[in-house]
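The values are calculated or read from the model by the stated rules, or taken from the named source; none is laboratory data. Bear in mind that the values here come from a model prediction, so they are computed numbers and not experimental data. Here Cβ is always computed from backbone atoms with ideal geometry, including for glycine, and neighbour counts include all displayed protein chains. In case anyone asks, the SASA skips ligands and DNA or RNA and just uses the protein heavy atoms, side chains included. Shrake-Rupley method; radii C 1.70, N 1.55, O 1.52, S 1.80 Å.
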Amino acid sequence: MSDPAEKRIGQFSTDDLRDLQVWNNLTWMHELLFEQDTELAEFRRKGAGWSEAEKHWLLDRQRQIMADIIPLHRKLSEAGQVELTTTPFYHPILPLLWDKRSARQAMASCELPRHTDPYPEDVARHLAAAVECHEHYFGCKPKGMWPSEGSVSQDIIEAIANVGIQWIATDEEILSCSLNGQVARDAQGFVNRPDKLYQPWRVSSGNRSLDIIFRDHGLSDQIGFHYQRSDPVWAAGDLLDRVASIGRAVAHAQSDRPALVPIILDGENCWEYYADGGVKFLRQLYRDAARRNDVAPRTVSEHLQLSPSVDSIPQLFAGSWIFHNFAIWIGHAEDRAAWDLLHETRHFLKLAEKAGRHTPERLKLAWRELDIAEGSDWFWWYGDDHSSELDSLFDQLFRRHLENVYTLLGQTPPVSLARPIGGTRERVAYTRPTGLLDVNVDGRISSFFEWRGAGRHVAGNQRGTMALVSEGIIKELHFGFDAENLYVRIDTGSEANSALADIDSLRLRFIEPKEMELVVDGWQKSLLHCDLLGNGKPHPPLTCHTVAHDVVETQVPLHVLDVKPGCSLSFFVELFKEGQSLDRAPVEGCIDCEVPGPEFDSLQWQV
């Protein structure tokens, strides 16, 4: 069967395709560039009809912009405006390279690859290469390091300190586990021992030691996942108010040391979800931080110089910034298959090196291919916790780097590297309805069969390269139909009445039908009221029905949405308080489905 996209390609002219190429490049350029470069801004305003020469002008301008990035950061670093850190070269999970069995500290029953040999020399190589690269480009060695994915263990501390790194950072849950739960958050998200979390610690191994700080993952997730839907001025003020509140809590705990509040997140990923690339939010944040008396912006090294660490961690827990474990990189059968292929290739390379038949230059190239394959991002896409439409390509590239080791050393790669690791199974962010529903809208799971035919979305990590660590209010969405209604069920993990008691409104927001939303308010008084809005204007009174007890159940008649069997529905659920979004499911994108006809059940049975 031919690809529908191939059939449509003839509908586009050469000019159309060129415009798409230009826009594909423009959309990845930050708003600050258009603000600073009037010629580039004028180019974008044209909107369409660019010539081939204009396309190449844009590509040349991109190269110029890229060439300025490293010199600009070196200038800012030398002026003391920023502190530049490094990360292990090729971004491996160092604790797993050192000892794959470390995964069992957080996951006692974790199945391991067949081969668990340690690779301490590989750890040293990635670290040395990172420091060498940093010194080459920035004129000095780095003091700080974010280990790949915040992954740490007691085993790797000495190796990190050996290359001159003075401090590292990871997530707050690693501190909690290292201190046997002394530091934790309550049900409202407040830290019980802020004096312990918001300070640097010392960790030692052998005759080496370094400082370690722990990210506030709640504040980091606010920037990465929530403030994008808020007014940027309000969001900046809210963040600084939270930081100042932490400072007061630390002082109240009778600590005479200033609070250090590390906010750490994927620096590049979240800004594409802000309407202006985060410009207004960041400008407001930095301006207000410099003006306020209760917040003092500092680099980590500045803080360590002013307030050195005094407490030591006896044994650093082995885990990452994501749920304090290594599940993403070793917790799936696909991950373990990848580790075993990597080990077998490495074993071949070690034997070839020992045989002495290859030049140092050729061996260096082969080790480089293996180092690339040790990077964490290949394993990120294996398993069912993250997925993209390029999963098969990532799988192919991972195996290609391993194949290159054999090819560089004059050997034919083994057949095992020709087989895809990930298979061809389909991964989706939600399941689709499989039958018509018979729901009693009472806010309770009345029976197992009531929602059996519903589609289901589990809230979590559907944003490719970012992971939401702090838990949202919404845990699951269930959705489906009978002959006359759309039904949506919202699970909150605890009794929905309590979990939603503080919100102002729950909104079922439709992309299709265009710009319609069901607004359910009255939560604080437990007197729920439904309004259907179209283009922001109220519709006539309707018979929508929402009840919350253990779960939230909502019934929306299809006729009020003006949809019939075969029509598309596209929606998401969002919670609001004081005009600000508290949670959204899905976090990005929508639930897309088609209104079924009365014969839906029989068609499903035939399939």
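Below are the figures for this structure:
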read-out: Any hit, the range 396-408, residues being over 21 Å from Tyr119 (Cβ atoms) and acidic (Asp, Glu); value: no
read-out: Subset tally (residues that are among the small types (Gly, Ala, Ser) and open to solvent by less than 40 Å² (accessible area, probe 1.4 Å)) for the range 405-420; value: 1
read-out: Close pairs from the range 425-438: first assigned to a strand (DSSP E or B) and open to solvent by 50 Å² or more (accessible area, probe 1.4 Å), partner of a type outside the set (Gly, Ala, Ser) and modelled with pLDDT of 90 or more, Cβ under 7 Å, at least 6 apart; value: Thr431/Arg456
read-out: Subset tally (residues that are open to solvent by less than 80 Å² (accessible area, probe 1.4 Å) and more than 16 Å from Asp15 (Cβ to Cβ)) for the range 44-67; value: 8
read-out: Pairs with Cβ under 7 Å, 6+ apart, first in the range 557-576 and modelled with pLDDT of 90 or more, second charged (D, E, K, R) and open to solvent by less than 20 Å² (accessible area, probe 1.4 Å); value: Leu575/Asp583
read-out: Which listed residue is touching a Leu at 6+ places or on another chain (Cβ under 8 Å), open to solvent by less than 80 Å² (accessible area, probe 1.4 Å) and closer than 27 Å to Ser151 by Cβ, from Leu402, Leu397; value: Leu402
read-out: Considering residues of the range 560-599 that are among the small types (Gly, Ala, Ser) and part of a loop (DSSP other than H, G, I, E, B) only, the residue farthest from Leu437 (Cα to Cα); value: Gly579
read-out: Test for Val250: is it assigned to a loop (DSSP other than H, G, I, E, B) and β-branched (Val, Ile, Thr); value: no
read-out: Count of the range 149-189 residues which are closer than 17 Å to His217 by Cα and either in contact (Cβ under 8 Å) with a residue 24 or more places away in the chain or among the small types (Gly, Ala, Ser) (or both); value: 20
read-out: Enumerated helices (runs of 4 or more DSSP H) restricted to the range 1-120, each holding at least 2 residues that are among the aliphatic types (A, V, I, L, M), at pLDDT 95 or above and more than 30 Å from His347 (Cβ to Cβ); value: 14-26, 38-46, 52-78
read-out: Residue in the range 85-94 that is within 24 Å of Arg298 (Cα to Cα) and open to solvent by 40 Å² or more (accessible area, probe 1.4 Å) present; value: yes
read-out: Qualifying residue in the range 75-82 (condition: closer than 19 Å to Asn325 by Cβ, open to solvent by less than 50 Å² (accessible area, probe 1.4 Å) and touching a Phe, Trp or Tyr at 6+ places or on another chain (Cβ under 8 Å)); value: no
